[in-house]
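Undergrad: Got a structure for you, written out below as structure tokens; questions coming shortly.
Please treat every number below as a calculation from the coordinates, not as lab data. Remember, predicted model here, so these are calculated numbers, not experimental data. Ideal geometry is used to build each Cβ from the backbone, glycine not excepted, and the neighbour counts take in all protein chains shown.
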Amino acid sequence: MSITKRLEKLRQRNRKQILVSAWSDEDEQFIIYTGELTCGDVDKIQRKHKDFINNPTIAAMVDMILLKAEGKDGEKLFTLEDRMFLMTERLDVISEIAGQMFETTSIEEAEKN
């Protein structure tokens, strides 16, 4: 097995679950799945949000959620059309989701690579 395939398999195993209480109800929990924040992800976000690592704005957090949020099956949860919905969501909800996504890697690791 190639190193790329091995690392991809490892990434799938290391996906994180984020429970979004604000979007859950008594019948069903709303869970976002996300992989680790990669160097490529940070690079993509920084093209639009220049100081993302040092100053993650709300718009940058929303863009990170759009990029990284997946369902249990690995399919993207949101599209660009959902950006306006996320931008009108409560600040604490967006910052909690983005914060947990950002915790999948350290800033130092992202800057090193």
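Undergrad: So what's the chain giving for Rg/Rh, alpha carbon basis, Kirkwood Rh from the mean inverse pair distance?
TA: 0.97
Undergrad: While we're looking at this one, here's another question. Holding the Cα-Cα limit at 28 Å, pick out from Lys50/Lys72; Lys5/Lys72; Lys44/Lys72; Lys5/Lys50 the pairs that are longer than that.
TA: Values: Lys50/Lys72 31 Å; Lys5/Lys72 21 Å; Lys44/Lys72 24 Å; Lys5/Lys50 32 Å.
Long pairs (Cα-Cα over 28 Å): Lys50/Lys72; Lys5/Lys50.
Undergrad: Still on this model: Using a simple spin-label model with points 7 Å from Cα along the Cα→Cβ vector, what separation in nm is obtained for Arg6 and Leu67?
TA: Result for the modelled spin labels: 2.7 nm.
Undergrad: Related question: Please compute the contact order of the stretch 3-112 in relative form: average sequence separation of alpha-carbon pairs under 8 Å and at least six residues apart, divided by the residue count, as a percent.
TA: 27 percent
Undergrad: Something else about it: State, as an integer percentage, the relative contact order of the stretch 28-92 based on alpha-carbon contacts under 8 Å between residues 6 or more apart. Intermediate values should be presented prior to the final figure.
TA: Details: 50 pairs, mean separation 21.4, N = 65.
Relative contact order, the stretch 28-92: 33 percent.
Undergrad: Sum -39500 (n - 2.57) across every DSSP H segment of at least 4 residues in the chain, then divide by the residue count to get the 222 nm mean residue ellipticity, nearest 500. Numbers along the way, then the final one.
TA: Values: 6 runs with 55 residues, N = 113.
Helix contribution divided over all residues of the chain: -14000 deg cm²/dmol.
Undergrad: Where does each of Lys9, Lys44 land when they are ranked from fewest to most other beta-carbon atoms within 10 angstrom?
TA: Going from least to most buried by this count: Lys9, Lys44.
Undergrad: Please list 3J(HN,Hα) in residue order for the stretch 27-33, calculated via the Karplus relation 6.51 cos²θ - 1.76 cosθ + 1.60 where θ = phi - 60°; whole Hz, with x for glycine and proline.
TA: Ordered by residue, 3J(HN,Hα) equals 8, 8, 7, 9, 10, 9, 9 Hz.
Undergrad: Follow-up. In the neighborhood of Leu7, defined by Cβ-to-Cβ distances under 13 Å, what is the net charge if each Lys or Arg adds +1 and each Asp or Glu adds -1?
TA: Charge balance near Leu7 sits at +3.
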